[in-house]
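One structure is given here, and the rest of the page talks about it.
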Amino acid sequence: MSGPAPLKAACGRVSRRSVMRLAGGVFLALSSGKALAQSDTIRFGLTPVFLTNDLELLDALQTYLEGETGYKIELITRRTYQEVTALLVSGQLDAAWICGYPFVRYRDDLELVAVPQWNGEPFYQSYLIVSADRQASSLEDLTGDIHAFSDPDSNSGYLVTRTLLFERGLDPETFSRKTMFTYGHRNVIRAVASGLAQSGSVDGYVWEVMREIEPDLVQRTRPLRKSEWLGFPPVATSKALSHSPRIEALTRALLLMAEKPEGQRVLGMLRLTGFGAYDPTIFDGIAAKVAMLRGVL
C-alpha cells in the first residue's frame with residue numbers, strides 16, 4: 001500500500017442481502033455490451049488481506065500466473081472485502097484471495113481454490129496490539145480505548161476481537177470509547193504506532209511480515225494477545241465457476257508455485273511457503289465464531 005487509507009467510524013454489519021444487491025448493481029453497471037470475464041482471461045480479485053499492492057509484487061504474480069495457466073491474468077483490487085465478495089459470489093470474478101470470514105458466511109456460494117501456507121501450515125492468528133511501551137496486560141485494560149479494526153468482514157481484523165468481547169460479557173458499544181475501520185491491516189498497525197488509536201485488531205501474518213520489512217514502524221507496537229490458530233485467508237471461486245477450465249488452470253498454478261522459480265520469487269515476496277489443497281473444515285474455528293455471534297452482528 002502506498003499510504004494509509006482514510007479512517008472511518010465503525011458502522012453496522014453488512015447483511016448478505018446488501019452484498020447480493022451490490023453484486024447485482026455492479027453487474028448491471030458493467031455488463032452492457034461486453035462479457036465481464038472473457039474465455040481467455042482469469043479475473044483474480046485481491047482484497048486488503050493481500051499484504052501489499054506493491055507494483056513489483058503484482059507484476060511478479062501476474063507474470064507467474066500467466067505463464068503457468070496460459071490465460072491472461074487481470075488482477076482486480078478493491079478497498080473492502082464487501083466489494084470483492086460481491087463480485088466473487090456473483091461470478092464476476094473468476095477467483096479472489098479473500099478472508100476466512102466471508103468464505104464461511106458465503107459457504108453455500110463459494111468453493112476453495114487453494115489455501116496459502118505460512119511457515120508450512122494453512123493457519124494464522126489474530127493479534128490484539130497496543131503501543132510497545134503501554135502498561136497493559138489484559139483485554140480489560142483496553143476499556144475506553146480508541147480501537148482500530150481492519151474491516152467489518154475481516155476475521156483477524158474484527159470477528160476475533162468481537163467474539164472475545166462477547167465471551168467476556170463485555171458490551172462492544174460501551175467497551176471502547178470509539179472504534180474505526182482502517183480498511184487495511186497495515187493501517188491498523190500505523191494507527192496504533194502513531195497513537196491515532198490506543199489498540200487494534202490485526203492479522204498476525206501481516207504484523208509478523210511487516211516486522212521484517214518495516215521494523216521501525218512495527219517495533220512501536222506489540223501483541224497484547226494472540227488468538228488460537230485459524231484457517232488462513234483462502235483463494236476462492238464461485239460454485240458456478242468451480243469446474244471451469246480457468247479455475248482448474250489457476251488451481252494447478254497455485255499448487256505448483258513452490259516448485260517453480262518464478263513462483264518461488266512470488267512466495268518469497270509474500271513470506272509464504274506455498275499453496276495447498278485443504279478441506280473447508282480448516283475454517284471450522286471461524287465458523288464457530290460466526291455461529292456464536294449469529295443474531296448479534
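Just so you know, all these numbers are worked out from the coordinates, no wet-lab data involved. In this text the structure is predicted, and so the values were computed from the model without any measurement. Here Cβ is always computed from backbone atoms with ideal geometry, including for glycine, and neighbour counts include all displayed protein chains.
Quick notes
- Label-point separation, residue 284 to residue 213 (7 Å along Cα→Cβ), nm: 3.4 nm
- Ranked by how many other beta carbons lie within 10 Å on average, peptides 113-124, 159-170, 258-269 from highest: 113-124, 159-170, 258-269
- Beta bridges by DSSP in region 126-227, antiparallel share as percent, to the nearest 5: 60 percent
- Additional length obtainable on full extension of the chain from residue 177 to residue 138, 0.36 nm per residue less Cα span: 12.3 nm
- Cut-off 15 Å (backbone N to label point 7 Å along Cα→Cβ of residue 63), residues of region 245-280: 260-270
- Residues of region 82-124 with an amide N closer than 14 Å to a point placed 7 Å from the Cα of residue 255 along the Cα-to-Cβ direction: 112-116.
- Net lengthening on full extension, residue 108/residue 55 (0.36 nm per residue, minus Cα-Cα): 15.7 nm
- Neighbour net charge for residue 43 - beta-carbon separation under 11 angstrom, K R +1, D E -1: 0
- Using the average count of surrounding beta-carbon atoms within 10 Å as a protection proxy, the listed peptides 200-211, 93-104, 129-140 rank, highest first, as 93-104, 200-211, 129-140.
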